[in-house]
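Some notes on the structure that comes next.
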Amino acid sequence: MTLDSKIPDGPLAEKWTRHKFNLKLVNPANKRKYDIIVVGTGLAGASAAASLAELGYNVKTFCFQDSPRRAHSIAAQGGINAAKNYQNDGDSVYRLFYDTIKGGDYRAREANVYRLAEVSVNIIDQCVAQGVPFAREYGGLLANRSFGGAQVSRTFYARGQTGQQLLLGAYSAMNRQIAAGKVKSYPRTEMLDVVVVDGRARGIITRDLITGKIEAHSAHAVLLCTGGYGNVFYLSTNAKGSNASAAWRAHKKGALFGNPCFTQIHPTCIPVSGHHQSKLTLMSESLRNDGRVWVPKKPVKGLTARDAAKIPESERDYFLERRYPAFGNLVPRDVASRNAKYVCDEGRGVGPTGLAVFLDFSDAIKRDGKKTIEARYGNLFDMYQQITGDNPYEVPMMIYPAVHYTMGGLWVDYNLMTTIPGLYALGEANFSDHGANRLGASALMQGLADGYFIIPYTIGDYLAGMPYEKISTDRPEFKEAIEQATGRLHRLLSIKGKKTVDEYHRELGMIMWDYCGMSRNEEGLKLAKKKIQELREEFWQNVNVLGSANELNMELEKANRVSDFMELAELMVDDALHRRESCGGHFREESATEDGEARRNDNEFAYVAAWEYKGENQPEVLHKEELKFENVKLTQRSYK
Amino acid sequence: MKLTLKIWRQKGPNEKGEFKTYVHDKVSPDMSFLEMLDVLNTELIKKGEEPVHFDHDCREGICGMCSLYINGRPHGPLQTTTCQLHMRSFKDGETITIEPWRAKPFPVIKDLVVDRSAFDRIQQAGGYISVNTGAAPDANEIPIPKKIADEAMDAATCIGCGACVAACKNASAMLFVAAKVSHLALLPQGHAERKERVERMVAQMDAEGFGACTNTRACEAECPKGISVAHIARLNREYYNAMLTSYELPSKAGGDG
Ligand SMILES: Cc1cc2nc3c(=O)[nH]c(=O)nc-3n(C[C@H](O)[C@H](O)[C@H](O)COP(=O)(O)OP(=O)(O)OC[C@H]3O[C@@H](n4cnc5c(N)ncnc54)[C@H](O)[C@@H]3O)c2cc1C
Ligand code: SF4
Ligand code: FES
């Protein structure tokens, strides 16, 4: 198999315009002859579904929540980037492009990232027209803030609920098309498999989560907008239901998986409070603008936030300020996370588990007054107090890194098509634009760029070459996929073992966190691979899933998802093993500078790793898409 | 902590439900309410009993999926979502009653899970601004006073959880509908369709079987996002204004359209 990224020729700034011109079009009157399936109704899925229906295609959407409005995108807090340069502070499409490429540690395609920056400006226009109530200045114009260490203010936001407002905008556009009869929505319906006919994606198999009914849906193209796979780690900031199943099953049907080991670990999350912990809550990274991160110089067992004041200044280690005098507490996410891990590994972590560091606002409150700090972070402080019972105005917060985002995903070409013709991947589900590390406020931008402004063009090119005929779901390919999917569910139900799904999921998460988390090495990864294989084997012999397949059965849903995580986890480890360099969120201890900073290896690893599934328990085959940098010069990141 | 839980169990939509009592002694005050139920479910599975079904997803108070009626109050004793409620809000030894949302338009699917698709249908009836992708003018073309934008945002924060309906003795959905009507009526972009929007959304709300609003304000008191009943007043104004000058639904205006 040769990977063709289909990057258009021409100068960077003209590629997308030229490409759009060269794409084939579907005649307006003929669009209604094509059916498109959109799996997932987050920012990527809802925006795609609405836009495609507006063009005249017949769209079906699927999500596992009880309403499309509840997709995980709803939880995004901070904001969305766009190169509007409304602040006159030197932003431009080129600067957003450059920051994103550099932030991704040079492991993304120039052409994709440039296009993303280019369409970012249209996204804001579209959202405002839909009624998204972005924050405004007193003059009535849109407000911006600087986010995640960016040197320009290009982030648009709606209080701390930007994802919610953007999603409700896309949901409303989709609702309009549902009312018009152009979109049919299937909530509480989970996709179990993609159906490939004559080498093309022609439909999906679904399970109605309320009745358990298995159904087949045929179409001319299928879009997977099913989000990221951070929940491989069990504990993450993702919603509980976020899963990899749709992407993973597509992978097993022939879609290559790109850079699976690229995960983002966010430094400012509320630490684990006990074994019962079911998810982790993100605290906005804006807190690092005023909060100072520290631990005691010498280990103090079980140091609580209330006793923090007893540690004198001279006994405190403000480790980010010490190691990175230029950036201090504002170093990028991966650097901040890794350093928190190091001090905890040294036994200097705080709190009952020793897996936390302080984020202290006392100096900021002394300097600016409580009022100012309250105006900036009031809602975050309240949320923190509600969850932990501690009052951050009086005692330092405790934070610890948590899995937050997956840059890896299904490999797609410039048209967002996977290696299965007719199967597309959008949003966090694809690997495309963030390289080895995503910048804050760029995931929302990418999801909406994919759905509103890219897929409506690129899908036409594919469909224009397709016959109108619908295919029947009575075909053997559908029957076979149904049998496989049902077989798997029944197998899960028939094991009747001793351990719960959550117990297995937690164990898997621990393996991944310990060996394939913030810092990775060969020995650990090899061990992890073995442990995952053993755990998977045990799972299939000893998991206990009660109930039946023809009713609402949330344990069965979970078991099915965890069974896929167990397979994907091994691929993540393989990918991490093979990439013997440190880049972005992927830190290989063997590839570090003398003072312990990441060392990238552009000579050997400036490529996208795309993995091909070869059958159960067979090693996957690596394909490389070389990355060419014609516009930016590759430099090592330095925050000293 | 040790708690006695009285939980509504119902096998399916057409089955009869009943309360079952469970003693739960593995509760820590740091657990969230849903984590407390997770632990109970693990225990139940170990004993071969079916776990309690309840809706949840984000566990961050924003998706609107969680929906438990705890000790006679939607989302429990605090004005927050069920997932953001922690066990330190309860006392050791307490008995806690857990039910699904109770409202005719929200039929029970299983245990504590209800069907809220009526809310989606109300939104589909008119909760949008008609603008096709690509047809938008520059975002800064229409300045919107900060005060108006902030008020629209206040309304737009509704998470569609349905606590307002569950709290209301009439099972009225007015707060939910008002939040959307108000959000879009406040903004200039929403003005072109304001009449049709309010008429259609209210008509759909009635068709779904939600009750009338009798101004008890129970909804506002329980809404986890603090949506104010002032939005209901705005909805009413929008509605009467639309009815007086309607061209959308002539039959309502007295004709036989
Ligand atoms: C706490 C938090 C805060 C964040 N803050 C920001 C921020 O400030 N700025 C930013 O840019 N990014 C942020 N992100 C990242 C960003 O929110 C996500 O990357 C983005 O929203 C993903 O959108 P999506 O449309 O790709 O997928 P999602 O929103 O995850 O949607 C996935 C959809 O797929 C459906 N689905 C999945 N599997 C199946 C299946 N098998 N069958 C049927 N349906 C299925 C789900 O029902 C859902 O509708 C944040 C993330 C988190 C966790
Ligand atoms: S108005 Fe409040 S209680 Fe009602 S659905 Fe919205 S957020 Fe929930
Ligand atoms: S689970 Fe999302 S609001 Fe409670």
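The values are calculated or read from the model by the stated rules, or taken from the named source; none is laboratory data. All of these numbers come straight from a predicted model, not from anything done at the bench. For neighbour counting, all protein chains shown are included, and Cβ atoms are generated from backbone atoms with ideal geometry for every residue, glycine included. These accessible areas exclude ligands, DNA and RNA; they are computed on the full protein's heavy atoms, side chains included. Shrake-Rupley method; radii C 1.70, N 1.55, O 1.52, S 1.80 Å.
If you go through segment B:145-159 one residue at a time, do you hit one that is in contact with a Phe, Trp or Tyr (Cβ under 7 Å, 6 or more places away or on another chain) and touching a residue at least 12 places away in the same chain (Cβ under 8 Å)? Talk me through it step by step, then tell me what you get.
First, the residues of segment B:145-159 that are in contact with a Phe, Trp or Tyr (Cβ under 7 Å, 6 or more places away or on another chain): B:146, B:158.
This time we only want the ones that are touching a residue at least 12 places away in the same chain (Cβ under 8 Å), so: B:158.
Checking segment B:145-159: at least one residue is in contact with a Phe, Trp or Tyr (Cβ under 7 Å, 6 or more places away or on another chain) and touching a residue at least 12 places away in the same chain (Cβ under 8 Å).
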Residues of segment B:178-189 classified as more than 11 Å from chain A (Cβ to nearest Cβ) and either within 9 Å of ligand 2 (Cβ to nearest atom) or open to solvent by 10 Å² or more (accessible area, probe 1.4 Å) (or both), total: 1
Among the residues of segment A:390-399, are any touching a residue at least 60 places away in the same chain (Cβ under 8 Å), in contact with an Asp or Glu (Cβ under 6 Å, 6 or more places away or on another chain) and not in a strand (DSSP E or B)? yes
Would you check which residues across segment A:333-356 are open to solvent by less than 30 Å² (accessible area, probe 1.4 Å) and touching a residue at least 60 places away in the same chain (Cβ under 8 Å) and list them? A:R333, A:D334, A:V335, A:A336, A:S337, A:R338, A:A340, A:G351, A:A356
Pairs under 6 Å by beta carbon, first residue in a helix (DSSP H, G or I) in segment B:21-40, partner open to solvent by 30 Å² or more (accessible area, probe 1.4 Å), six or more apart or different chains? B:L34/B:H56; B:V39/B:K26
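In the list B:N14, B:N71, which residue meets the criterion of being more than 11 Å from chain A (Cβ to nearest Cβ), touching a Pro at 6+ places or on another chain (Cβ under 8 Å) and surrounded by fewer than 16 Cβ atoms within 10 Å (Cβ to Cβ)? Explain how you work it out, then say what you get.
Working: B:N14 fails: touching a Pro at 6+ places or on another chain (Cβ under 8 Å).
From the options B:N14, B:N71, the qualifying one is B:N71.
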Of the conditions (1) over 22 Å from the mean Cα position of the chain (by Cα); (2) part of a loop (DSSP other than H, G, I, E, B), B:C161 fails just one. Which one is it? (1)
Among the residues in segment A:556-573, are any free of Cβ contacts under 8 Å to residues at least 24 places away in the same chain, open to solvent by 10 Å² or more (accessible area, probe 1.4 Å) and either farther than 19 Å from A:I265 by Cα or touching a Lys or Arg at 6+ places or on another chain (Cβ under 7 Å) (or both)? no
Somewhere in segment A:444-457, is a residue surrounded by 24 or more Cβ atoms within 10 Å (Cβ to Cβ), in contact with a strand residue (DSSP E or B) (Cβ under 6 Å, 6 or more places away or on another chain), more than 15 Å from A:Y34 (Cα to Cα) and not acidic (D, E)? yes
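For B:T82, are the conditions met, namely being within 22 Å of B:T42 (Cα to Cα), of a type in the set (S, T, N, Q), open to solvent by less than 10 Å² (accessible area, probe 1.4 Å) and more than 7 Å from every other protein chain (Cβ to nearest Cβ)?
Details: within 22 Å of B:T42 (Cα to Cα): yes; of a type in the set (S, T, N, Q): yes; open to solvent by less than 10 Å² (accessible area, probe 1.4 Å): yes; more than 7 Å from every other protein chain (Cβ to nearest Cβ): yes.
In short, yes.
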Please enumerate the residues belonging to segment A:62-110 that are away from chain B (no Cβ under 13 Å), among the hydrophobic types (A, V, I, L, M, F, W, C) and either more than 28 Å from A:V608 (Cα to Cα) or buried (at least 23 other Cβ atoms within 10 Å of the Cβ) (or both). A:F62, A:L96, A:F97, A:I101, A:A108
Can you tell me which residue in segment B:156-165 is farthest from ligand 2 (Cβ to nearest atom), limited to those that are open to solvent by less than 10 Å² (accessible area, probe 1.4 Å) and more than 14 Å from chain A (Cβ to nearest Cβ)? B:V165
Criterion (more than 24 Å from B:S228 (Cα to Cα), within 13 Å of chain A (Cβ to nearest Cβ) and within 16 Å of ligand 2 (Cβ to nearest atom)) met by exactly one of B:D120, B:D115: B:D115
Residue under question is A:V343, and the condition is that it be in a helix (DSSP H, G or I), in the same structural domain as A:Q385 (by TED's automatic domain parsing) and of a type in the set (V, I, T); does it hold? yes
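Rundown of residues vs (1) open to solvent by 20 Å² or more (accessible area, probe 1.4 Å); (2) under 17 Å from the mean Cα position of the chain (by Cα), yes/no style:
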| residue | (1), (2) |
| --- | --- |
| B:L40 | no, no |
| B:E50 | yes, no |
| B:G64 | no, yes |
| B:S67 | no, yes |
| B:K91 | yes, no |
| B:A135 | yes, no |
Could you give me the residue pairs with C-beta distances under 6 Å whose first residue belongs to segment A:357-374 and is in a strand (DSSP E or B), whose second residue is open to solvent by 50 Å² or more (accessible area, probe 1.4 Å) wherever it lies, and which are 6+ apart or on separate chains? A:D360/A:R292
Please go through segment A:285-318 and give me each residue that is crowded, with 19+ Cβ neighbours inside 10 Å and within 14 Å of chain B (Cβ to nearest Cβ), ordered by number. A:A305
Output the number of the condition that A:E428 fails; it satisfies all remaining conditions of (1) open to solvent by less than 30 Å² (accessible area, probe 1.4 Å); (2) under 24 Å from A:G42 (Cα atoms); (3) of a type in the set (D, E). (1)
For segment A:594-612, the count of residues that are touching a Ser or Thr at 6+ places or on another chain (Cβ under 9 Å) and either assigned to a strand (DSSP E or B) or open to solvent by 30 Å² or more (accessible area, probe 1.4 Å) (or both) equals 7
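Could you say which residue among A:A44, A:A53 is crowded, with 24+ Cβ neighbours inside 10 Å and either away from chain B (no Cβ under 13 Å) or within 16 Å of ligand 3 (Cβ to nearest atom) (or both)?
When all the criteria are applied, what remains is A:A44.
Provide a single number: the residues in segment B:71-85 that are outside any loop (DSSP other than H, G, I, E, B) and more than 13 Å from ligand 3 (Cβ to nearest atom).
Quick first cut of segment B:71-85, residues outside any loop (DSSP other than H, G, I, E, B) only: B:73-74, B:82-84.
Subset that is more than 13 Å from ligand 3 (Cβ to nearest atom): B:73.
Here the count works out to 1.
Tell me which residues, restricted to segment B:116-143, are part of a loop (DSSP other than H, G, I, E, B) and either closer than 15 Å to A:G169 by Cβ or of a type in the set (K, R) (or both). Spell out the reasoning first.
So the first thing to find is which residues in segment B:116-143 are part of a loop (DSSP other than H, G, I, E, B), and the list is B:116, B:127-143.
Selection gives B:R116, B:G127, B:Y128, B:I129, B:S130, B:V131, B:N132, B:T133, B:G134, B:A135, B:A136, B:A139.
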